[in-house]
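A.B. asks: Can you keep this structure in mind? I'll have questions shortly.
The values are calculated or read from the model by the stated rules, or taken from the named source; none is laboratory data. These figures come from a predicted structure and were not determined experimentally. Cβ coordinates were reconstructed from backbone atoms using ideal geometry, including for glycine residues, and neighbour counts include every protein chain displayed. All accessible areas refer to the heavy atoms of the entire protein, side chains included, with ligands and DNA or RNA removed. Shrake-Rupley method; radii C 1.70, N 1.55, O 1.52, S 1.80 Å.
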Amino acid sequence: MSGGARLENANPVIFQRSGERLLTASEEDEDVHDPIDDREIFDLIRSINDPEHPLSLEELNVVEQVRVKVDDAGSTVGVEFTPTIPHCSMATLIGLSIKVKLLRSLPDRFKIDVHISPGTHASEEAVNKQLADKERVAAALENSSLLEVVNQCLSSRTM
Amino acid sequence: MAADSTLLLSLVEEFVSGLQDSKAKDAAKGVKDGQFTVLQLVEALGLSLTSSQAPTRARGVQLLSEVLKECYGELTEREVEVLIAFYENRLKDHYVITPPVLQGLKALTKCTTLPPGSAVSMLRSLFQDVHVQSLMLTERACVYSMLINLMETREAELKGLGADFVFGFVQSMDGERDPRNLLLAFRIAKNIIDRGYDLGKFTEELFEVTSCYFPIDFTPPPNDPHGITKDELIQELRGVLTGTPKFAEFLLPLIIEKLDSDVPSAKLDSLHTLTACVSQYEHKDLAEFLEGLWTSLRREVCLDCQHHLCEPDLKLVWPSAKLLQAACCASNRASHIVAAAVMPSLIEQYNSRTQCSHRRTLLEVVQRFVQSVRTSQPSVSDESVLSAFRDALCSIVFSALSESNSSLQITATSVLISLAQQTGLLLNSDIELAVDHLTRLLLTEEDDRVSAAVVECAGALAELHPAAFITKLIPRLKKEMFSEPMAQDHTEPSQQHSHHAMRQRCLSALAAVSKQASVVQESTPVLLEVLSSAHTGGVSFSVDEVVLACRSLQRIAEQVEDTEETGQCFHSVIIPRLLSLALQAALQGDSSPGVGSPLVEAAVLSAMVPVISSSCSRLQPTLAAQTASRAVSLFLDGDVSFLPDNSFPSHIQLLKKQQKDSWSQSQMVCLLMGCVCSLPRSVEVPQIDQLLSELEEMSCSCSHQLSYTSAAKCFAGLVNKSPQGDSLDSLIQRTMKRVCSELDSASSSVRIQAFTLMIWVAKALLLRYHPLFTTLTDKLFSLLDDTDLGPMAADGFSLLMSDFTDVLNRSCHADVRIMYRQRFFSENSAKLVEGFNAATQDKKPNYLKALSNIVNKLPKQVQVTELPALLSLLLEALTCPDEGVQLSTLSCLEPVLINPPAALVQQLEALVNRLIPLICSPAMNVRIASLRCIHALSHFPVHEVLPFRARVLRALAKPLDDKKRLVRSEAVLARGEWFLLGSPGGR
């Protein structure tokens, strides 16, 4: 998992982080119901750390707000992520981190679908299949070394 | 003896003819044990040494040499002399004999009994008869070792050889290839230099023979048993090359040449070597080469960086730019050179790029360069480094300001600021153009971030170049602000909104540019005109806009430079004008209620107060005294003579009870407060006794909240500054008597008013540590049990502990002692706890609220130390149904939880039990605050909180689906941290 001494993509293109969500008056109003929207889901995953770089998934453009779809009423979330290079060996791990982050952060009524943006990875299908398989995700999280890496991706960085 | 000689002969025979190498050891042992002498050995070797067969002779010499290697310490001087003569002679023999001869000589160089002169003769023969580089590796090593040995012991003799020694050495090592031998050779060379051997005319030769290895390029073979590293070689060679300034004339050109190398390691080595040598060289050594070095270095830095600056995706642009900027800061000249090298390329890049993000990055780089040029400028500077690029830079900035991309515009404003701060760089025409751009953006740009940047930029530029702002920006903004939104009734709401936003930007820009007195003279009339138009209705301004105009005046009052001129402006123009407008509005409000000028609105009056108080607090003493007496005579005597537009009736009595309980005049007392409560303490307020008694009367009788509260605050502000003494004490006692009589009569209609006066007077006395303060606290505590006023009394504690911007603060010159909050807390917390325990169930929340109000405002260090004693009470407060109590308790707990004292950790169970129900509170703020506390708990020592993990995670699942987003996001943060507890990779 450590990826050896050499990074696969040693000098990735860095993207700008989006600013904090602007607070609206209705959000401060006790009586208004704020639906869970795409931006809220994006805010959950954009600060996930990349397993290799000291950067967030947002800064690497692995996740983008346009690739997040949520249906609050229907309780479904779909997230597409884009590995930085088509042969990125970290794709499964990144997908798993996103999935775990959403599992921990969303009410359990949600069905969570995390997959690779179509056509952006060599073994797209295999990775998608792994991520969609509940039991394999559960089994992966039983593996303490895998869980360790996922937790590191989800830890808040003190910068 | 005969036996020994037989033995010796057989040993020799077996070694020489029988080729048994081990016999050398036996022979050496024989010599050591005294069985036979070296001389006897030589005799025994006689036949071998004179054999016609070269290999046999070699074998013979080898035996002798190996014995000597063991026994050199036991030789007499005479023996050594003979042996040296023999060996020197053998050097002329067949080449196969040379290796053992050298071995022997090496052994002899270690002899302490080396006769004088023999070292020299040995070396002479060596240099004369042996071509070192045709020898094998080990023999070459042998030669170097001889040299090293002799240099250790016979330094004086070798120096006697003069430059010949150096020449001999140079010849010996010339062409050496083996790294092991090179290390030895470098050591000799270093010794030659360090120990001051005469280099004579061979300086350059010595340099050549060593420097040909520079820069070292050596990769040790895999599994190298010798363990020689490239670094070792580099260090040794560097030691030689940089060892003497005599090499400077050769080394520096070499370094300059090698800096051009394409091999990065060569460049690096060159730079390190340069560093090492310049620290040793003197100026004269370097002088000749400085220019070349500088060119190379500069090119080195620039080229590399320039390359990155031009890279298409600009990935390494920042590191490179920072490097160059550091170079810029080094000196004025450096900044000249770097700017000259970099600016054209940056400008060209900018113009050729189309992507906004790239352009912005480039612009940011430009800005840093402009700034770093500035930091490197000497205070009195000649021509600015950047003047050559002024034109291009300005056009870039202006084109960026005209883009639609907001971050590009924002960056452009900061470049503009940096350019403007370069003394003498921008021409007046540039400034005017800049002002045009800024004006356009102020009038049209809707993006908040851009307009904030534009306002800031305008402020910075106006401070340096006020003229253009006076002639262009202010008149234009005025014109636009005073234009009505087209055909008011039919305009779309969105258009009205954008008109309002434009006015808002103009108002804040007017404040931002007003730092110099000359600008203030122009901008404040515009702002005052906004107020008067709003009042007369000439041009309609909303209450919001009027408030913003007041804020702008306030900002100007705070930031303007403190001069006689600006003081006069506020004293004789702005303050009278404000009072006059407010009075006109109040009188109009009384005569024709309903038509309401915006200037009678509480929001507007409250916004006028800080304008008056900031300006009064900064007035020079004489002006301050004048302003004070004018204000007092206006409010007490109805003296309107100093007000402009003087068409007021003559019987104005602002502080007296008005007919029909009208409050539009009485509320003006807040302006009186702004004036008399912010004066320097040295200024005496005229007619103070009458003023105080009328204020007391008003605050205890008026039914209008702003009026009675302002009167109470004004009273308190004056009490705070009154000199200590009997008259003050009796004033306080008189007031307290009146207040208490109202408070004690349950039927009184002015209990709230009386309470308000009391709490403000209490605040005034608390701040100055007045001894009578305790009387007031006792009353305040007793009110916590009051059915009606109880909650208000609890909130009063918050008032006592808070700072206010309009009155009773240090900038108003109030008497504020340090740590008054701690003092209040330590004197009263026990009373509160006592009161809580004694109170009936329905009054307990008042005590909890009072406590959390106090603790909340204490500095954190005090909270942490005081908390253990109060913890049970605070935990109790969390279960109190009053949301206000919950909230203020949570907010005092949260900071303490970040660094929890031991007492808190012990109460963890209770804390968790009380916090969890609060995350389902109906009040959103309580939910948020409790989630933050639970989040903070996750940072407690792991072993303490781990037992609660499962329970907390379960409880936190619910707020993930809260209807409020703000609650959900706190829940997500907290739950994420609790998940990491005790999990691998987590905590």
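A.B. asks: Restricting the search to region B:895-929, which residues are touching a Lys or Arg at 6+ places or on another chain (Cβ under 9 Å), of a type in the set (S, T, N, Q) and more than 14 Å from chain A (Cβ to nearest Cβ)?
C.D. replies: Hit for region B:895-929 is B:N899, nothing else.
A.B. asks: Please go through region A:9-46 and pick out each residue that is under 15 Å from A:T82 (Cα atoms) and of a type outside the set (A, V, I, L, M, F, W, C).
C.D. replies: Matches in region A:9-46: A:N9, A:P12, A:R46.
A.B. asks: Okay, moving on. Pick out the one residue from A:E8, A:E40 that is surrounded by 14 or more Cβ atoms within 10 Å (Cβ to Cβ) and closer than 25 Å to A:S156 by Cβ.
C.D. replies: The unique qualifying residue is A:E40.
A.B. asks: Pull up region B:954-966, narrow it to residues that are in a helix (DSSP H, G or I) and within 9 Å of chain A (Cβ to nearest Cβ), then point me to the one that is most open to solvent (accessible area, probe 1.4 Å).
C.D. replies: Here the answer is B:K958.
A.B. asks: May I ask you to list the residues in region B:694-721 that are open to solvent by less than 20 Å² (accessible area, probe 1.4 Å) and among the small types (G, A, S)?
C.D. replies: Matches in region B:694-721: B:S699, B:S707, B:S710, B:A711, B:A712, B:A716, B:G717.
A.B. asks: List the helices (runs of 4 or more DSSP H) inside region B:18-95, counting only whole elements, that have at least 3 residues being farther than 20 Å from B:L114 by Cβ and basic (K, R).
C.D. replies: Those helices (runs of 4 or more DSSP H) span B:22-32.
A.B. asks: Across region B:196-234, what is the number of residues that are among the charged types (D, E, K, R) and touching a Ser or Thr at 6+ places or on another chain (Cβ under 9 Å)?
C.D. replies: Qualifying residue count for the region: 2.
A.B. asks: If I ask for residues that are within 23 Å of B:N720 (Cα to Cα), without any contact (Cβ under 8 Å) to a residue 40 or more places away in the chain and of a type in the set (A, V, I, L, M, F, W, C), which ones from region B:805-838 would you list?
C.D. replies: Listed by number, the residues that qualify are B:I818, B:M819.
A.B. asks: Which number in (1) under 30 Å from B:R551 (Cβ atoms); (2) open to solvent by 10 Å² or more (accessible area, probe 1.4 Å); (3) more than 39 Å from the chain's Cα centre (by Cα) marks the one condition that B:T775 misses?
C.D. replies: (1)
A.B. asks: State which residue is nearest to the chain's Cα centre (by Cα) when the search covers only region A:67-95 and only residues that are among the aliphatic types (A, V, I, L, M) and within 13 Å of another protein chain (Cβ to nearest Cβ).
C.D. replies: My answer is A:L93.
A.B. asks: Further, regarding this structure: Looking at region A:25-48 only, could you name the residues that are facing chain B (nearest Cβ under 9 Å) and β-branched (V, I, T)?
C.D. replies: Within region A:25-48, A:V32, A:I36 qualify.
A.B. asks: Still on this model: Take the residues in region A:105-159 that are away from chain B (no Cβ under 14 Å), hydrophobic (A, V, I, L, M, F, W, C) and more than 22 Å from A:R67 (Cβ to Cβ), then tell me which one is surrounded by the fewest Cβ atoms within 10 Å (Cβ to Cβ).
C.D. replies: Here the answer is A:M159.
A.B. asks: Being exposed (fewer than 15 other Cβ atoms within 10 Å of the Cβ) and hydroxyl-bearing (S, T, Y) is the filter; apply it to region B:450-490 and report the residue that is modelled with the highest pLDDT.
C.D. replies: Looking at residues that are exposed (fewer than 15 other Cβ atoms within 10 Å of the Cβ) and hydroxyl-bearing (S, T, Y), I get B:T471.
A.B. asks: With region B:107-189 as the region, which helices (runs of 4 or more DSSP H) entirely inside it contain at least 2 residues that are open to solvent by less than 20 Å² (accessible area, probe 1.4 Å)?
C.D. replies: It comes to B:118-129, B:137-153, B:163-173.
A.B. asks: Are any of the residues in region B:544-560 in contact (Cβ under 8 Å) with a residue 40 or more places away in the chain and within 17 Å of B:T622 (Cα to Cα)?
C.D. replies: No; the residues of region B:544-560 include none that is in contact (Cβ under 8 Å) with a residue 40 or more places away in the chain and within 17 Å of B:T622 (Cα to Cα).
A.B. asks: Would you pick out the residues in region B:433-460 that are of a type outside the set (G, A, S), under 20 Å from B:L527 (Cβ atoms) and within 35 Å of the chain's Cα centre (by Cα)?
C.D. replies: B:V435, B:L438, B:T439, B:L442, B:V454, B:V455, B:E456
A.B. asks: List the number of the failed condition for B:G982; all other conditions in (1) in contact with a Lys or Arg (Cβ under 9 Å, 6 or more places away or on another chain); (2) open to solvent by 60 Å² or more (accessible area, probe 1.4 Å); (3) more than 9 Å from chain A (Cβ to nearest Cβ) hold.
C.D. replies: (2) is the only condition that B:G982 fails.
A.B. asks: Among the candidates B:L587, B:L510, single out the residue that is assigned to a helix (DSSP H, G or I), open to solvent by less than 50 Å² (accessible area, probe 1.4 Å), of a type in the set (A, V, I, L, M, F, W, C) and modelled with pLDDT under 90.
C.D. replies: Result: B:L587 is the single residue among B:L587, B:L510 that is assigned to a helix (DSSP H, G or I), open to solvent by less than 50 Å² (accessible area, probe 1.4 Å), of a type in the set (A, V, I, L, M, F, W, C) and modelled with pLDDT under 90.
A.B. asks: What's the total number of residues in region B:533-576 that are in a helix (DSSP H, G or I) and touching a Phe, Trp or Tyr at 6+ places or on another chain (Cβ under 6 Å)?
C.D. replies: So the answer is 2.
A.B. asks: Could you check how many residues of region B:218-247 are in contact (Cβ under 8 Å) with a residue 40 or more places away in the chain and in a helix (DSSP H, G or I)?
C.D. replies: 9
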